[in-house]
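Novice: Here it is: the structure, laid out below.
Bear in mind these aren't lab numbers, they're just calculated from the coordinates by the rules spelled out. Keep in mind that what you see is a predicted model, and the values were worked out from it rather than measured. No Cβ is skipped: glycine too gets one built from the backbone with ideal geometry, and neighbour counts run over all protein chains shown.
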2 protein chains.
Amino acid sequence: MLKRLGFVAGGLMVVVVALGHAVMSVPKGEAPAYTADGSLMAPAHYREWVYLSSGIDMAYTASQETEHHVFDNTFVNPISYRAFLATGRWQDGTTIVLEVRGGESPVSINKRGSTQSVKVDAEEFHVKDKGKWSFYRLVMGTNSAKLLPVGAGCQACHAAHGAVDETFVQFYPTLLPVAKAKGTVSEMYLKEGQTSK
Amino acid sequence: MLKRLGFVAGGLMVVVVALGHAVMSVPKGEAPAYTADGSLMAPAHYREWVYLSSGIDMAYTASQETEHHVFDNTFVNPISYRAFLATGRWQDGTTIVLEVRGGESPVSINKRGSTQSVKVDAEEFHVKDKGKWSFYRLVMGTNSAKLLPVGAGCQACHAAHGAVDETFVQFYPTLLPVAKAKGTVSEMYLKEGQTSK
């Protein structure tokens, strides 16, 4: 643990001053890394990164309710979170993690609603590298995540509807007010109107 | 930010070796602090602590479903999380945060299920200090949290049904397998049986 901490502290020594804000460069332990075939090496400690939000049973069409519930948890690497708080923007080297778990009930003394399953059903990574966003999906049971083709639809939908820089900041309650204050929300999002209370 | 980091790194210099595991003492920035009248000073940066889990519409009795949805998000200070991973136990100076936000729908392009409100409806803190757990509730609009009387019921219910040391580890999917592997789950929890899949 001490070794890991020393490592992170070392990475923080490089300070990049941009747009008048002190923005840290993304240290090696948080920065995206790839295998020889272009897969993303899944970040091992994302559960110790910064939590953005959770949704339940989210869908982009108003389909029928089902009995099976699904939680989406999202996380981001810490340095990029702090840079967003300062600037309302995602810096290069940002990784946003989507973790999918089942909703369960009843569990122990909880009799209503849903709590989260120990089992992880899927992990996806949205990575900004050299100014460009890409999506990767974990190959379950391995440590690597395959690049999703642009035609998979994630990219087009995020680019069209993401509140900030192709990302769904409209669903991240600690970041949406920052983006509004910094004036970094997209025109498309402002036109679509419906915002979180 | 650099100042804060230096501060955290300084706190980590003190290493306590207990039960054969290297357990870090809780650094000042994470340790519980109190006002003169015994209120807890609410931790300012708990959203950058380690996320434990979220539930939605949780209740300990099977009452009717309502139209108003409620998310419970839980966080813990990072050093105590890492110590739990190593030992299956909560060390002194641990703070578990419960943050309550509304569930909203539809929001932006999400048409189904619920996403989380920008507005925080409540914050509670479960603090282990000098071997004893206490509950505090944030006085909204302030930075301090009032001690909840033991008679409020939280304490009795957590002591009776908490899977580990008066805490609901049964709802924390990354920690329950650790507690099972380390043999630190309570007998009461094992008797109550129903566990997360």
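Novice: Hand me the tally of lysine pairs in region A:32-192: alpha carbons under 18 angstrom apart, and the pair either on different chains or 8 or more positions apart.
Specialist: Number of lysine pairs found: 4.
Novice: What is the set of long-range amide H partners of A:Ser53 at a cut-off below 5 Å, with H atoms built 1.01 Å from backbone N?
Specialist: A:Thr74
Novice: Could you tell me whether region B:31-192 comes out rounded, prolate or oblate from its Cα gyration tensor? Rule is a ≥ b ≥ c as square roots of the eigenvalues, rounded for a/c under 1.5, then prolate if a/b exceeds b/c, otherwise oblate.
Specialist: Oblate is the answer for region B:31-192, as a/c is 1.5 or above yet b/c matches or exceeds a/b.
Novice: In whole percent, what relative contact order does region B:31-192 give with Cα contacts below 8 Å and a gap of six or more residues? Show your work: numbers first, answer last.
Specialist: Details: 290 pairs, mean separation 32.2, N = 162.
Across region B:31-192, relative contact order equals 20 percent.
Novice: Now a separate question. Averaged across A:113-122, how many Cβ atoms of other chains sit within 10 Å of each residue's Cβ atom?
Specialist: 6
Novice: Within region B:90-116, whose backbone N sits under 17 Å from a point 7 Å along Cα→Cβ of B:Ser63?
Specialist: B:100-103
Novice: For region A:45-103 and region B:170-191, what is the separation of their Cα centres, given in Å?
Specialist: 26
Novice: Still on this model: Using a label point 7 Å beyond Cα on the Cα-Cβ vector, give me the inter-copy distances for B:His158 in nanometres, one decimal, shortest first.
Specialist: Label-point separations across copies, in nm and ascending: 3.8.
Novice: Taking the Cα centre of region B:31-192 as origin, work out the dipole magnitude from +1 charges on Lys and Arg Cβ and -1 charges on Asp and Glu Cβ, in debye rounded to 20.
Specialist: Dipole about the Cα centre, nearest 20: 400 debye.
Novice: Now for a separate question. So, by mean Cβ neighbours within 10 angstrom, what's the order for B:75-83, A:128-136 with the highest one leading? Don't jump to the answer; show the numbers that get you there.
Specialist: Values: B:75-83: 22.9, A:128-136: 15.6.
My ranking of the peptides, most packed first, is B:75-83, A:128-136.
Novice: Can you give the average number of partner chain beta-carbon atoms within 10 Å of each beta-carbon in peptide B:166-175, as a whole number?
Specialist: 4
Novice: When only Cα pairs under 8 Å and 6 or more residues apart are kept, what is the percent relative contact order across region A:30-77?
Specialist: After rounding, I find 39 percent.
Novice: To continue, here is another question. Which whole-Hz ³J(HN,Hα) couplings does region B:28-44 yield from phi under the Karplus relation 6.51 cos²θ - 1.76 cosθ + 1.60, θ = phi - 60°, glycine and proline marked x?
Specialist: Taking θ as phi minus 60°, the curve returns 3, x, 9, 6, x, 10, 10, 8, 4, 8, x, 7, 8, 6, 4, x, 6 Hz for region B:28-44.
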